[in-house]
Amino acid sequence: QHMAYFYGRFYTKMKKLISVLFLSYYCYAIIRYHFGKELIGFTETFFVLNKALAWTAGTLFLLTLVPQYQLDKFKLKRRQLGTIGYCFSLVHILLILVILNPDLYPKFYSNSELNNDGYTTIFLGLSSLLLFSLPLYASLQKRETLQHLYRFGRFGIYLNIFHVTSIGANGWFIPTNWPYFMPPITLIFITQSALIILINKFNLFTCWQISH
């Protein structure tokens, strides 16, 4: 009964977190792109939806960097955060394959063909997903001999940061071009990443000081 109660609370917390993250991000994307940039249409709807999916996936991956003892306070587990983030990223990639075109992603095309920016961004995105696949495999197998695969998730997060940077860095420093002065999602995500990584490093440094 105690275990059932614990897992019930765990899944409730996880569902609440995912719902709040996704809905908040989707609302932000709707205001910025549908209203601010006036992107209206069938394909554009999936373009905006995909922004929220990618943002949610990236945030869930970032949360796996938070020490487990801190996540325990919120009844969250790194393994589940990473697994759900992986599912969001898969849907994100599948949607990209459907909607990728010069109208929605002009930066990635030259003369209606993918350019170096496009190939670089796609390469970084797929490479980070490959790295995320290794800890996912270890998580599903649950074998001690595969524990070393979890460290590749951290490299996947860093590679994903480069992926996001390659997408939006050119628009970060021109606030007058931001719809309703709303910062680009890529910039917000990089800020999130920097904060979580710095906090994590600070916690590690504090623990090292205490142990010495």
Task: Out of PHE132, PHE155, PHE123, sole residue that is surrounded by 16 or more Cβ atoms within 10 Å (Cβ to Cβ) and modelled with pLDDT of 95 or more - done: PHE132
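Is there a residue in the stretch 31-46 that is assigned to a helix (DSSP H, G or I) and crowded, with 19+ Cβ neighbours inside 10 Å?
To start, the set of residues in the stretch 31-46 that are assigned to a helix (DSSP H, G or I) comprises 31-36, 42-46.
Subset that is crowded, with 19+ Cβ neighbours inside 10 Å: 32-33.
Yes, some residue in the stretch 31-46 is assigned to a helix (DSSP H, G or I) and crowded, with 19+ Cβ neighbours inside 10 Å.
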Task: Verdict on ILE93 being touching a Gly at 6+ places or on another chain (Cβ under 8 Å), of a type in the set (Val, Ile, Thr) and touching a residue at least 12 places away in the same chain (Cβ under 8 Å) - done: yes
- [ ] Under 8 Å between Cβ atoms, at least 6 apart or on separate chains: pull out the pairs that start in the stretch 12-36 with a residue that is in contact (Cβ under 8 Å) with a residue 24 or more places away in the chain and end on any residue that is among the acidic types (Asp, Glu) and surrounded by 13 or more Cβ atoms within 10 Å (Cβ to Cβ).
- [x] TYR33/GLU44
TODO: Hey, can you tell me all the residues within the stretch 92-109 that are outside any helix (DSSP H, G or I) and open to solvent by 60 Å² or more (accessible area, probe 1.4 Å)?
DONE: ASP103
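Every residue, every condition in (1) more than 20 Å from ALA169 (Cβ to Cβ); (2) more than 12 Å from the chain's Cα centre (by Cα); (3) modelled with pLDDT of 95 or more, yes or no:
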| position | (1), (2), (3) |
| --- | --- |
| PHE46 | yes, yes, yes |
| LYS51 | no, no, yes |
| ASP72 | yes, yes, no |
| LEU95 | yes, yes, yes |
Open item on the list: Which condition from (1) at pLDDT 95 or above; (2) on the phi > 0 side of the Ramachandran plot is the one that ASN111 breaks?
Closed with: (1)
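Restricting attention to the stretch 110-119, does a residue exist that is within 22 Å of MET14 (Cα to Cα) and either touching a helix residue (DSSP H, G or I) at 6+ places or on another chain (Cβ under 7 Å) or of a type in the set (Gly, Ala, Ser) (or both)?
Kept after step one, since they are within 22 Å of MET14 (Cα to Cα), are these residues of the stretch 110-119: none.
No, every residue in the stretch 110-119 fails to be within 22 Å of MET14 (Cα to Cα) and either touching a helix residue (DSSP H, G or I) at 6+ places or on another chain (Cβ under 7 Å) or of a type in the set (Gly, Ala, Ser) (or both).
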Open item on the list: For the stretch 50-91, give me the residue count where each residue is open to solvent by less than 40 Å² (accessible area, probe 1.4 Å) and assigned to a helix (DSSP H, G or I).
Closed with: 20
Task: Residues located in the stretch 157-173, provided they are in a helix (DSSP H, G or I), in contact with a helix residue (DSSP H, G or I) (Cβ under 7 Å, 6 or more places away or on another chain) and closer than 23 Å to TYR105 by Cβ - done: LEU159, ASN160, ILE161, PHE162, HIS163, VAL164, THR165, SER166, ILE167, GLY168, GLY171
Task: Matching residues, the stretch 135-151, being surrounded by fewer than 19 Cβ atoms within 10 Å (Cβ to Cβ) and part of a helix (DSSP H, G or I) - done: TYR137, SER139, LEU140, GLN141, GLU144, THR145, LEU146, GLN147, HIS148, LEU149, TYR150, ARG151
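Does THR176 satisfy the criteria of being without any contact (Cβ under 8 Å) to a residue 40 or more places away in the chain, open to solvent by 100 Å² or more (accessible area, probe 1.4 Å), among the polar types (S, T, N, Q) and out of contact with any helix residue (DSSP H, G or I) (no Cβ under 7 Å at 6 or more places or on another chain)? Before the answer, list the steps.
Details: without any contact (Cβ under 8 Å) to a residue 40 or more places away in the chain: yes; open to solvent by 100 Å² or more (accessible area, probe 1.4 Å): yes; among the polar types (S, T, N, Q): yes; out of contact with any helix residue (DSSP H, G or I) (no Cβ under 7 Å at 6 or more places or on another chain): yes.
Answer is yes for this residue.
The values are calculated or read from the model by the stated rules, or taken from the named source; none is laboratory data. Here the structure is a predicted model, which means the values were calculated and not measured. When we count neighbours, we look across all protein chains shown, and the Cβ atoms used for this are built from the backbone with ideal geometry, even at glycine. Please note that ligands, DNA and RNA were not included when accessible areas were found on the heavy atoms of the full protein model with its side chains. Shrake-Rupley method; radii C 1.70, N 1.55, O 1.52, S 1.80 Å.
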